[in-house]
Amino acid sequence: MPGTDMTSLAEGYRALVIGASGGIGSAFCTAIGADPRCGALETLSRRKDGLEITDEASVAQAAQRFSGQSLDLIICATGALHIDGVGPEKTIRAIEPDAMARQFSVNAIGPALLLKHFLPLAKRDRRAIFACLSARVGSIGDNHIGGWMSYRSSKAALNQILRTAAIEARRKHPLLSLVALHPGTVATPLSAPYAGSNRRVAAEEAAGNMLAALNGVAEGESGIFLAYDGSRIEW
């Protein structure tokens, strides 16, 4: 598994993976847990902890578990392409208001609540990273084929939330990197119908690639949209 040693973080760093029971989230846990530099790995998930990221009371209660602690690495591996059996639209004629609202709730509002309650837990006196899974299809500038309006728009909203939060966070966390992270096409059951000719990688490889990309971000460089290979994606 490539790039799992987070050499840019302090020896004995503390990490938290939110959404740890998902395919990519569990792969992050495996990769970080294998890093000899990691001093502690904490996890949160809906399946194990009952965390509902769209319920602020649930998010606040989860954050309270870490009161008095500070974290070097926070990864939000939540998100959804299919919600309640509804997948991406092929045309604007297929837009359903309730389905679109659910996409925004899970992919944008949920991570915003996580930022609100977990950002204060990030280290202030040394390098720290807070990354959220986004998607290249959330790029407005890179959209050349259309479709997937609800999912695209929810991820574009997430990108704006991260970008805006990074500006505010810089005042109290000058060494923090806040990153929107594109994982590539990962071999999960949900991605299978939409992979097309794109090369799919195992979740374990994707997690290693993304950690390597995060490891290469400069200290304090924040509010960026980063692909799994370390390249920048236009907003």
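Some observations on this one:
- Cβ-Cβ contacts under 6 Å between residues 6 or more apart (or on different chains), taken from a first residue in segment 153-170 that is over 16 Å from H117 (Cα atoms) to a second residue that is part of a helix (DSSP H, G or I) and open to solvent by 30 Å² or more (accessible area, probe 1.4 Å), are listed as S154/F104.
- The residue that is farthest from Q61 (Cα to Cα), counting only those in segment 134-153 that are assigned to a loop (DSSP other than H, G, I, E, B) and in contact with a strand residue (DSSP E or B) (Cβ under 8 Å, 6 or more places away or on another chain), is S139.
- Put simply, of A131, A156 the only residue that is part of a helix (DSSP H, G or I), touching a helix residue (DSSP H, G or I) at 6+ places or on another chain (Cβ under 8 Å) and buried (at least 18 other Cβ atoms within 10 Å of the Cβ) is A156.
- Residues of segment 72-100 that turn out to be surrounded by 11 or more Cβ atoms within 10 Å (Cβ to Cβ) and farther than 17 Å from L162 by Cβ, as a count: 15
- Restricting segment 161-190 to residues that are of a type in the set (S, T, N, Q) and surrounded by 16 or more Cβ atoms within 10 Å (Cβ to Cβ), the residue that is nearest to V137 (Cα to Cα): T185
- In segment 214-235, the residues that are open to solvent by 10 Å² or more (accessible area, probe 1.4 Å) and within 10 Å of P183 (Cβ to Cβ): Y228
- Helices (runs of 4 or more DSSP H) fully within segment 7-115 counting 1 or more residues that are of a type in the set (S, T, N, Q): 23-33, 56-64, 97-104
The values are calculated or read from the model by the stated rules, or taken from the named source; none is laboratory data. The structure displayed is predicted, hence computed values, not measured ones. Note that we place each Cβ from the backbone using ideal geometry, even for glycine, and neighbour counts take in every protein chain shown. Just so you know, the surface numbers come from the protein's heavy atoms only, side chains and all, with ligands and any DNA or RNA stripped out. Shrake-Rupley method; radii C 1.70, N 1.55, O 1.52, S 1.80 Å.
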